[in-house]
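The values are calculated or read from the model by the stated rules, or taken from the named source; none is laboratory data. Computed from a predicted structure; not experimentally measured. Here Cβ is always computed from backbone atoms with ideal geometry, including for glycine, and neighbour counts include all displayed protein chains. To get the accessible areas, we keep the full protein, side chains included, count just its heavy atoms, and leave off ligands, DNA and RNA. Shrake-Rupley method; radii C 1.70, N 1.55, O 1.52, S 1.80 Å.
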Amino acid sequence: MLYSDFKEAVILLMQHPVMLKPFCSLSDGEKESAYDLLSSLADLSVCENYTLVDYLQLSRLNFMLGRLAQEICLEPEKVIGYYNDGYECLQKSGIDLSLNKWSELVSLRMSE
């Protein structure tokens, strides 16, 4: 189901079981409806002037879409695409997940 109104989709998400109970206890139907809802939210979130917070929010949507896509057995390329999009959004939000940053932080801790 495609939602045409962002506000309506947010309200429906807030009322959806995916927000109310642990992921492992969701039924297959609840996972599929959550996937449809989040997919619509991701599509409706398209904006030309993203802020760093917007990118962080999009990464959240993409990571959850990846998890749901994997749970409902969508093709692996689609699952990987969501995780890649989530990672790219994290980078655009200013979060540095590079190995260079990791080694820099480990070096700082080791020198203490």
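For this structure, a couple of remarks:
- Residue within region 7-27 that is part of a helix (DSSP H, G or I), open to solvent by less than 60 Å² (accessible area, probe 1.4 Å), more than 30 Å from D96 (Cβ to Cβ) and charged (D, E, K, R) present: no
- Lone qualifier among Y35, Y50, Y55 - being aromatic (F, W, Y), surrounded by 11 or more Cβ atoms within 10 Å (Cβ to Cβ) and out of contact with any Asp or Glu (no Cβ under 9 Å at 6 or more places or on another chain): Y50
- In region 59-112, the residues that are touching a helix residue (DSSP H, G or I) at 6+ places or on another chain (Cβ under 7 Å), open to solvent by 80 Å² or more (accessible area, probe 1.4 Å) and not in a helix (DSSP H, G or I): L97
Per-residue answers, yes or no, for (1) of a type in the set (G, A, S); (2) within 26 Å of S4 (Cα to Cα):
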| residue | (1), (2) |
| --- | --- |
| E48 | no, yes |
| L52 | no, yes |
| G66 | yes, yes |
| A69 | yes, yes |
| I72 | no, yes |
| L97 | no, no |
| M110 | no, no |
